[in-house]
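Let me begin by presenting the structure, written as structure tokens, before commenting on it.
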Amino acid sequence: MVELFEKCLVLGVSFIVALSLYPTIFNSSLKVYESYIDNQIKFLAKEIDEAVKASYMFKKQYSLYYMIPKDLYLCFEDGLLKILFKDKVFIVGAYSFNIFVEDFRTSEGFSRISFIEDNGAIFIVVEDAD
């Protein structure tokens with residue numbers, strides 16, 4: 001009977017300690033995940049910037065294939081190409097030519113980003129990859 005009481009006591013204390021540490025562990029893992037996502041988006045921004053410049057300079061079509069969340073958008077305002085993700089804004093680059101962005105994605109997942117140069121402007125088309 002005493003052994004059963006000791007085991008229950010140890011189990012209860014362990015459970016209480018685990019519950020007290022859970023918010024700390026959860027918050028730190030959430031920060032690591034957010035940092036990982038930020039780094040992924042910064043890498044995507046760098047790839048997009050290089051593709052825009054190459055498409056404009058060499059007047060060719062380029063395509064990138066990425067896993068993109070549904071709430072990630074590209075927009076071009078006041079000469080700046082930006083990535084909008086949730087409540088964050090990432091600047092891809094500043095350009096002196098026009099960029100038009102069209103997003104035809106119907107679902108979340110693997111997407112193709114195409115860069116097409118036409119008469120000194122870049123058209124960026126984001127669509128589901130086939």
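Among the residues of the range 70-125 satisfying the criterion of being farther than 21 Å from LYS59 by Cβ and of a type in the set (Ser, Thr, Tyr), which is nearest to the chain's Cα centre (by Cα)? By that ranking, first place goes to TYR73.
In a residue-by-residue description of the range 66-74, the property of being of a type outside the set (S, T, N, Q), at pLDDT 85 or above and closer than 13 Å to ILE122 by Cβ applies to at least one position. Strands (runs of 3 or more DSSP E) fully within the range 42-130 that include at least 1 residues being touching a helix residue (DSSP H, G or I) at 6+ places or on another chain (Cβ under 6 Å) and open to solvent by 40 Å² or more (accessible area, probe 1.4 Å): 62-68. Taking first residues from the range 101-130 that are without any contact (Cβ under 8 Å) to a residue 40 or more places away in the chain and within 22 Å of LEU80 (Cα to Cα) and partners that are hydroxyl-bearing (Ser, Thr, Tyr) and loosely packed, with under 14 Cβ neighbours inside 10 Å, the Cβ contacts under 9 Å between residues at least 6 apart in sequence or on separate chains come to GLU127/THR106.
The values are calculated or read from the model by the stated rules, or taken from the named source; none is laboratory data. As the structure is a prediction and not an experimental result, all values here were calculated from the model. Reconstructed Cβ throughout: ideal geometry from the backbone, glycine too, with neighbour counts over all protein chains shown. Note: accessible area is taken over every heavy atom of the protein model, side chains too, but ligands, DNA and RNA are not part of it. Shrake-Rupley method; radii C 1.70, N 1.55, O 1.52, S 1.80 Å.
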